[in-house]
Amino acid sequence: MNRLEVRSISKAFGGIQAVTDFSLDLRQNDIVGIIGPNGAGKTTAFNLISGVYKLDSGKILLEGRDLTGLGQHQITRAGIARTFQNIRLFKGLNVLENVMTAADPYSSYNIFESIFRMGRRKRQEEENREKSMHYLDIVGLKPLAYENPESLPYGLQRKLEIARALATNPKVLLLDEPAAGLNPSEVGEFIGLVKRLHRDFDLSILIIEHRMEVIMELCRWIYVLNFGELLASGTPTDIQNNQEVTEAYIGEEDEECLL
Amino acid sequence: MDLVFSVITFTCITLLGVMGVFVVTGLTGLFSFGQASFMAIGAYVAGVLGIKYHMPFPLAIAAAVLCGLTAGLLVGLPTIKLRRDYISLVTFGFGEAIIAILNNSVSFTGGAMGLSGIPKYTSLWLVVLSAALCIYIVANFKYSKFGRQCLALRSDELAARSMGIDADRVKLTAFLLAAAITSYAGVMYGYYTTYVEPGMFDWGVSAEWIIIVFFGGINSLTGAVVAALTLASLPEILRFASEWRIVIYCVIVLIILNFRPTGIFGEYELFAKHGRTKTSKGA
């Protein structure tokens, strides 16, 4: 059984068909990429998988369990975590608290234990703090745990988003353009981080990315979307040599334009 | 001396009201323009029980807080699913509805004439202790998973849901905690003044509390407490300026909006455990 199975999902906004009949398989401990020109429906596909939008049709199965129609928070608790293309960290909480917030749904102490500082609260807060520190350590943000997230450089904010997603204890991690805005050395570092996560956690990763070096280096399999529809899928080598994909990206070769 | 005691008592009662608003508006970002109606519920329920049924004070408190919670549940359940801007409309409507009910059920509440003859059980020490306990409770709330989740929701609801936070439930929890605190404040109020009338709890009171929270800094409990203590006691001390209170508030709000959009204290906390002492630079 595949870790994540997306079965012909579709979504229209008014008259615009954003995603049409898109299917995808993600195996256990797999890294798969989604590429495509701007506006191809990649982020919409992510939003459908993570429950931000309701599906018009189709099905999403996580380890065989049907997630269709569940709320966003229920899908996350079932094991699908994500990061955002435009970084969405929590203002008013420091770096550590941003990560702790993602782990909070696993704390079971109730409101009375909270407002009267009872034992279970203290224990679980301590556990959560340790766990979150561990995730910060993985992405290399531990020394900055008490900083304000807005004061971090862009590359570190991206890493914080990944630490926060890890804190939800996911089986599937959706990364939406995680390397956008990073400089070349940060991109290299990021590729190393994903490889480490892939090795150390039982995690299946789905990446949307425009930077081909990231996709080609990390992904076992690639799906290409264009105008909301699947254009091609295959191994990185297949995709690189695929005529249709090149055309979608840089347009058809026009004989007259060729010198 | 009596004047000083009375100023302290009223200030502490306002502080209780402000704590409720701090939880709902400061931490969770929901504008409740009907918060004072929970105070009305607390004051009237406890007052009627005390006058007509001679119910002992602690029992009257419990009954009033329970009624406040029930009302909170009735308004909260449908409203939390709404968009933020509609929440302020609904709570505003709820507040005005409560006042209309109090005005019209003359046989029970005395209508616009008010309810008089409530026993005077609220003592200076009781309100001071209540205010201190309330600050303790709200501080514990803020620095627990609930407070973090509220702040996360206020900052970015979509991201918060994506991190597995049950937004509706967290909002309802904050709303109910605030309802309980505010109805308790109402009991204190009624049993101190011994006389209540519906006009004392209109939306202007709720708006005043919100102003106090913004004045202090929406994310700062320290700020809310300091602002409540100063803004609530100042007009009493400077009696001659009391007619100008609204004018003074408006000027304060304008000055703050211009120069310190995050309030005097921003995110600063006096007893913050780690870091987070930097005041935010404003939006």
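What does the average come to when, for each residue of peptide A:142-154, you count the partner chain Cβ atoms lying within 10 Å of its Cβ?
Details: counts 0, 0, 0, 2, 6, 3, 6, 1, 2, 2, 0, 0, 0.
Mean partner-chain Cβ count within 10 Å for A:142-154: 2.
Backbone phi angles across the stretch A:54-70, fed through the Karplus curve with coefficients 6.51, -1.76 and 1.60 (θ = phi - 60°), yield HN-Hα couplings of 7, 6, 6, 7, x, 9, 10, 10, 10, 6, x, 8, 6, 9, 4, x, 6 Hz in residue order; Gly and Pro are listed as x. To check you understand DSSP bridge types, tell me what percent of the beta bridges within the protein assembly as shown (both residues inside) are antiparallel, rounded to 5. Here the share of antiparallel DSSP bridges comes out near 55 percent. Available extension along the chain between residue A:127 and residue A:189 is 19.4 nm, counting 0.36 nm per residue and deducting the alpha carbon span.
Solvent-accessible area of chain A (1.4 angstrom probe, protein heavy atoms only): carbon and sulfur portion equals 49 percent.
Of A:206, B:82, B:49, the residue with the largest accessible area leads and the full order is B:82, B:49, A:206 (1.4 Å probe).
Residue B:171 contributes an accessible area of around 10 Å² to the protein surface, as traced by a 1.4 Å probe with all chains present.
Could you do me a favour and compute the accessible area per residue for the protein assembly as shown, 1.4 Å probe, result in Å²? Please list the in-between numbers first.
Numbers: 23740 Å² over 542 residues.
Dividing the accessible area of the protein assembly as shown by its residue count gives 44 Å².
For the protein assembly as shown, what ratio Rg/Rh do Cα atoms give with a Kirkwood hydrodynamic radius? When Rh is taken as the Kirkwood radius, the ratio is 1.07. Among B:194-202, B:247-255, sorting by the average number of other beta carbon atoms lying within 10 angstrom of each residue, highest first, gives B:194-202, B:247-255. Here the stretch A:49-101 and the stretch B:42-82 have alpha carbon centers that stand 38 Å from each other.
With a simple spin-label model that places each label point 7 Å from the Cα along the Cα-to-Cβ direction, the separation between residue A:240 and residue A:25 comes to 2.4 nm.
For the interface of A with B, what's the total buried accessible surface in square angstrom, probe 1.4 angstrom, rounded to the nearest hundred? Before the final figure, lay out the partial values.
On the way: alone 13180 and 13750 Å², together 23740 Å².
The contact between B and A buries close to 3200 Å².
Amide H contacts for residue A:34 (H built 1.01 Å from N in the peptide plane; partners 5 or more residues away or on another chain; cut-off under 5 Å): A:207, A:208, A:209, A:223. Subtracting the Cα-Cα distance of residue A:112 and residue A:38 from their residue separation scaled by 0.36 nm leaves 21.7 nm.
Take every residue in peptide B:177-189, count the Cβ atoms of other chains within 10 Å of its Cβ, and give the average of those counts.
On the way: counts 3, 0, 0, 0, 0, 0, 0, 0, 0, 0, 0, 0, 0.
Per residue, the average neighbour count from other chains is 0.
Give the average, rounded to an integer, of partner chain Cβ atoms located within 10 angstrom of each Cβ in A:34-46. Spell out each step's value before the answer.
Values: counts 0, 0, 0, 0, 0, 0, 0, 0, 0, 0, 0, 0, 0.
Partner Cβ neighbours, averaged per residue: 0.
The accessible area of residue A:54, taken with all protein chains in place and a 1.4 Å probe, comes to roughly 120 Å². Expressed as a whole percent, the accessible area of chain B that falls on carbon and sulfur atoms is 72 (1.4 Å probe). Interface residues of the stretch A:79-99, defined as those losing at least 20 Å² of solvent-accessible heavy-atom surface relative to the isolated chain (probe radius 1.4 Å), are listed as A:82, A:84, A:88, A:90, A:91, A:92, A:93, A:94, A:97.
Around the amide H of residue B:270, modelled in the peptide plane, lie the amide H atoms of B:222, all under 5 Å away and 5 or more residues distant in sequence or on another chain.
The values are calculated or read from the model by the stated rules, or taken from the named source; none is laboratory data. As the structure is a computational prediction, the values presented were derived from the model and not from experiment. Note that each Cβ is placed from the backbone with ideal geometry, even for glycine, and that neighbours are counted across all protein chains shown. To get the accessible areas, we keep the full protein, side chains included, count just its heavy atoms, and leave off ligands, DNA and RNA. Shrake-Rupley method; radii C 1.70, N 1.55, O 1.52, S 1.80 Å.
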